[in-house]
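Q: Please see the structure below; I have some questions.
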Ligand code: G16
């Protein structure tokens, strides 16, 4: 039943920050998906008879690709594929299932927070046996293979009914269709004090969780309302839709503005949260206060011991380089390690596996721990709930006390989206050439202490990743970072990250953009962002 199909390479199958992401019509070209899948299978070894985990965020084209993966996994010799019912698995749940069932690896179909639908984005990501995204040496091997591929193998078999839980056989391979929520929900019960959170909800605590019509809906509904007793309507927009209801499932202050507005209103609930397309990102807003992802990482790390899963403390904290240094101060106080990695969750994998870090986080709304090898949106929300229940204080009170103890890192990210790739590349090149001359000079009255192009030396496997973002440090622990996004699907996205440290509690109430205004202007003076991009303003400010 196995058939070999002749094919030719596509030149554009290089995985980015998080797998291969392209527009749906690109993936719909004949052989495009198959080429990439075969390149994955050719690039890894030793899966004969083993298990592959498969699921996605339910976006347009998810179901079709699920069938292709099943047929090709059978032809390539896997012994079993575990699929989430309906082809659904959130990214953190997929990571958990790979680990729990000791699978060889997993295929996650998602373009994360990017829009979906027939003209929207799609993505394929390969995760390895530790449950985490394939490291660079694997993604490089996949890309190399995709440039030389001349055939793929598949089987002729009728499509599997992925909506019915149970076990079927495809060309001698077992396909197990499982409840996508059950294993994950059980793990959350083990990590967090569900009794305390239930009491919190019983006492009248009000929460709004926006699943943005993406994959977290069924998880949030079951866990928050089903198991924790939160009132009906706590979870909103909880039906995953192939086009996310026409919305952009990116939980930030632009695309989840309605949630932000609700939390700033006079009758606001106590706590608001949202997650993205594939459920790995989180947005956290308390009544009257937005918590930046960088602050959230620091506050979660400082309080994690209040949750049963972390009662023995943390081994270390890891953050991506552009993420603010708020977590560094917590690590220092706790006397534990702090690690600074390039953008991309895959860089945390080694630190987590080696037991060097327990909690990781990124400015891009990602936080997670060693319970899986992906960031985990709902996990962050549940840890917040656990902390709120244990401390009996509001998000605002917790944040203020945190800043008073550690100082406040004012932080913002400015994105310039869909810039012509050549222009963006030229801007970074020119800036790179300028770096050696910057230290010692002053811009807008602020003295530059150091400027470099971030390179990461993995302390576990010794690998080096260069050109991971330009950093310019000013006196007083302020900093700007510039890099190009690795997740966009059209043109280039320029990201400017701005951070200013403020130790004085009397100055912890400033408006963030106002507090950063000098640095923002300095960034343009130094890098010529507006001139290079031809834009007067960023497309998104978070
Ligand atoms: C992915 C990666 C994250 C990264 C984010 C933004 O998140 O997993 O590690 O921080 O992209 O990356 P970039 O700045 O290169 O666009 P997700 O949620 O899209 O998978």
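Since every read-out is calculated from the coordinates, none of them should be taken as a lab result. This is a predicted model, so every value here is computed, not measured. Note that we place each Cβ from the backbone using ideal geometry, even for glycine, and neighbour counts take in every protein chain shown.
Q: Determine the shape class of region 318-472: with a ≥ b ≥ c the square roots of the Cα gyration tensor eigenvalues, call it rounded for a/c under 1.5, and otherwise prolate if a/b is greater than b/c, oblate otherwise.
A: On the way: a/c = 1.85, a/b = 1.47, b/c = 1.26.
Cα axes put region 318-472 in the prolate bin.
Q: With both bridge residues required to lie in region 291-425, what share of the DSSP beta bridges run antiparallel, to the nearest 5%? Each step should come with its number before you reach the end.
A: Values: 4 of 12 bridges.
If I count the DSSP bridges inside region 291-425, around 35 percent turn out antiparallel.
Q: Please work out the FRET efficiency for the pair residue 186 and residue 312, using the Cβ-Cβ distance as r and a Förster radius of 30 Å; give the result to the nearest 0.05.
A: Working: r = 21 Å, r/R0 = 0.70.
Efficiency, from the Cβ-Cβ distance: 0.90.
Q: For the chain, give me the percentage of DSSP beta bridges that are antiparallel, rounded to the nearest 5 percent.
A: Looking only at bridges with both residues in the chain, the antiparallel portion is about 70 percent.
Q: Using the count of nearby Cβ atoms within 10 Å as a rough guide to exposure, how do 509, 415 rank from fewest to most? Don't skip to the end; give the middle numbers.
A: On the way: 509 10, 415 19.
Ranked by crowding around the Cβ, least crowded first: 509, 415.
Q: By what distance, in whole Å, do the Cα atoms of region 170-226 stretch along each of the three principal axes, largest value first?
A: Rounded to whole Å, the extents work out to 54, 27, 14 Å.
Q: A further question on this structure: Give the calculated FRET efficiency between residue 261 and residue 7 to the nearest 0.05, with a Förster radius of 45 Å applied to their Cβ-Cβ distance.
A: Efficiency, from the Cβ-Cβ distance: 0.35.
Q: Neighbouring Cβ atoms within 10 Å as the yardstick, rank 101, 61 fewest first. The partial results should precede the final answer.
A: Numbers: 101 15, 61 23.
The most exposed by this proxy come first: 101, 61.
Q: Right, another one. Using only DSSP helix segments of four residues or longer, with each worth -39500 (n - 2.57), what per-residue ellipticity at 222 nm results for the chain after dividing by its residue count and rounding to 500? Present the calculation step by step, with values, prior to reporting the outcome.
A: Numbers: 18 runs with 170 residues, N = 542.
-9000 deg cm²/dmol, from helical runs alone.
Q: Sort the chain into rounded, prolate or oblate with this rule: let a ≥ b ≥ c be the square roots of the eigenvalues of the Cα gyration tensor; rounded if a/c is under 1.5, and if a/c is not under 1.5, prolate when a/b is larger than b/c, oblate otherwise. Please list the in-between numbers first.
A: Values: a/c = 1.77, a/b = 1.24, b/c = 1.43.
It is oblate, given that a/c is not under 1.5 and a/b is not larger than b/c.
Q: Could I ask something else about it? List 11, 393 from most exposed to least, where exposure is judged by having the fewest other Cβ atoms within 10 Å.
A: Working: 11 7, 393 13.
Ascending Cβ contact count within 10 Å gives the list 11, 393.
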